[in-house]
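The values are calculated or read from the model by the stated rules, or taken from the named source; none is laboratory data. Model, not experiment: these values are computed from the prediction. Using ideal geometry, Cβ is built from the backbone for each residue, glycine included, and neighbour counts are taken over all protein chains shown.
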Amino acid sequence: MDIWSKLKGELIDIVQWLDDTSNTIVYRFDRYNNEIKHGAKLVVREGQAACVVNEGQLADVFGPGTHTLSTQNLPILATLKGWKYGFESPFKAEVYYVSTRTFTDLKWGTMNPIMVRDPEFGPVRIRAFGTYTMRVKDPGLFLKTIVGTDNRFTTEEITGQLRNLIVTQFADGVGQAKIPLLDMAGNYGRLGEVLAGPMRAEFEKYGLELPKLLIENVSLPEEVEAALDKRSSMGVLGNLDSYAKFQAADAIRDAAKNPGAAGTVVGMGLGNVFAGTMGQLASPGPASAPAGPGSPPPLPASVSFFVAVNNQQAGPFEINLIRAKAASGEIGRSTLVWRQGMTNWVPAGEVVELAGLFSAAPPPLPPQA
């Protein structure tokens with residue numbers, strides 16, 4: 001730097017910051033050797049605060065307005081007094097401008113799923129994301145705890161730490177709120193207020209304020225969402241039997257539109273089925289009522305039994321076969337049997353269906369003399 005550029009910088013006595021960015025929180029005013037002349041005008045605009053650091057310590061914080069740096073508590077830096085030191089004045093100061101406006105649309109989200117216990121689904125993994133707003137509440141504290149000597153501090157340098165604070169509190173807040181997952185979409189505002197309370201205390205440790213925290217979405221794993229979609233589909237369909245009949249009616253209509261022989265046959269077959277279905281709907285009655293006076297009742301189902309022979313399971317045998325074995329003496333009253341619906345093996349003579357088989361069987365022959 002030549003002598004004229006240096007002297008030109010020393011003649012400037014207006015200290016101000018015109019912010020043309022959207023993400024700068026702190027900006028250090030650039031002066032040659034950090035020298036501020038006695039009587040310099042410090043201009044602080046709305047949405048700003050100016051922190052003056054003297055010999056490494058925070059000297060004062062100025063709010064909006066025009067201030068004259070001339071008190072004894074602030075460094076009095078005059079280059080003319082520093083000539084004998086070769087323009088290396090022993091009185092130096094730094095001015096840090098802090099933006100106190102509200103920074104909006106800052107993102108947060110869970111990098112990994114969070115395990116929560118839902119009263120309906122049990123343990124479930126969820127993800128969440130949203131936005132929040134932030135502003136500097138205590139410029140001096142923020143400068144000392146976060147910024148340090150950074151000449152330009154942006155939102156990107158702190159949003160990662162703030163996001164971690166929000167996610168940590170989110171896991172605790174969801175458990176405390178006790179809102180079922182299916183009802184959570186209608187309670188995002190309430191849940192956001194529950195989470196914002198403890199977070200504000202954490203933000204204040206850094207000199208920050210959390211005006212607003214918004215939850216935009218809480219999502220479930222894909223397989224759980226797929227199961228919920230099926231459950232919702234069943235709820236929309238309502239009565240599945242009525243829905244099946246409606247589908248059959250649509251099939252008949254489509255088959256009737258086919259002029260071919262195959263379409264006629266299919267239409268007639270489906271018509272017979274549909275006619276029976278519509279007849280049941282038109283004439284409500286007991287489910288077991290016969291279709292007409294000439295229709296015989298259904299045949300009774302055949303009952304089969306398993307038999308224990310020489311401590312081995314055999315069968316199943318129908319009653320006719322068991323009758324033959326009872327007549328030949330292979331099966332007796334004490335023979336253990338079992339069929340579907342019985343809890344344990346029981347003697348054949350105690351079974352209602354089999355007791356009559358043994359009364360007709362002849363008694364055993366008497367021993368020969």
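Which one is modelled with the highest pLDDT among residues in region 74-128 that are loosely packed, with under 15 Cβ neighbours inside 10 Å and among the acidic types (D, E)?
Restricting attention to region 74-128, the residues satisfying the condition of being loosely packed, with under 15 Cβ neighbours inside 10 Å are 80-81, 83-86, 88, 90, 101-102, 104-105, 107, 111-113, 115, 117, 119-120, 122-123, 125.
Filter once more, so that each one left must be among the acidic types (D, E): 88, 105, 120.
Working: E88: 39, D105: 92, E120: 77.
The selected residue is D105.
Name the residues in region 120-166 that are within 20 Å of G109 (Cβ to Cβ) and small (G, A, S), would you?
A128, G130, G160
If you take the residues of region 204-232 that are among the small types (G, A, S) and at negative phi, which of them is nearest to the chain's Cα centre (by Cα)?
S219
Looking at (1) at pLDDT below 90; (2) buried (at least 17 other Cβ atoms within 10 Å of the Cβ); (3) in a helix (DSSP H, G or I), which one does I179 not meet, given that it meets all the others?
For I179, the exception is condition (3).
Quick test for you: out of T154, T104, T131, T159, pick the one residue that is touching a Lys or Arg at 6+ places or on another chain (Cβ under 8 Å) and under 13 Å from I25 (Cα atoms).
Testing whether each residue is touching a Lys or Arg at 6+ places or on another chain (Cβ under 8 Å) and under 13 Å from I25 (Cα atoms) leaves just T159.
Working carefully through the options T335, T343, T264, T277, find the one that is at pLDDT below 55 and more than 23 Å from A244 (Cβ to Cβ). Give the steps one after another, and end with the answer.
On the way: T335 fails: at pLDDT below 55; T343 fails: at pLDDT below 55; T277 fails: more than 23 Å from A244 (Cβ to Cβ).
Result: T264 is the single residue among T335, T343, T264, T277 that is at pLDDT below 55 and more than 23 Å from A244 (Cβ to Cβ).
So, in region 139-166, of the ones that are more than 17 Å from E209 (Cβ to Cβ) and in a helix (DSSP H, G or I), which residue ends up nearest to the chain's Cα centre (by Cα)?
Across region 139-166, the extreme among qualifying residues is N164.
Criterion first (closer than 20 Å to S22 by Cα and outside the structural domain of S22 (by TED's automatic domain parsing)) does R190 satisfy it?
Numbers: closer than 20 Å to S22 by Cα: no; outside the structural domain of S22 (by TED's automatic domain parsing): yes.
For R190, the condition - closer than 20 Å to S22 by Cα and outside the structural domain of S22 (by TED's automatic domain parsing) - is not met.
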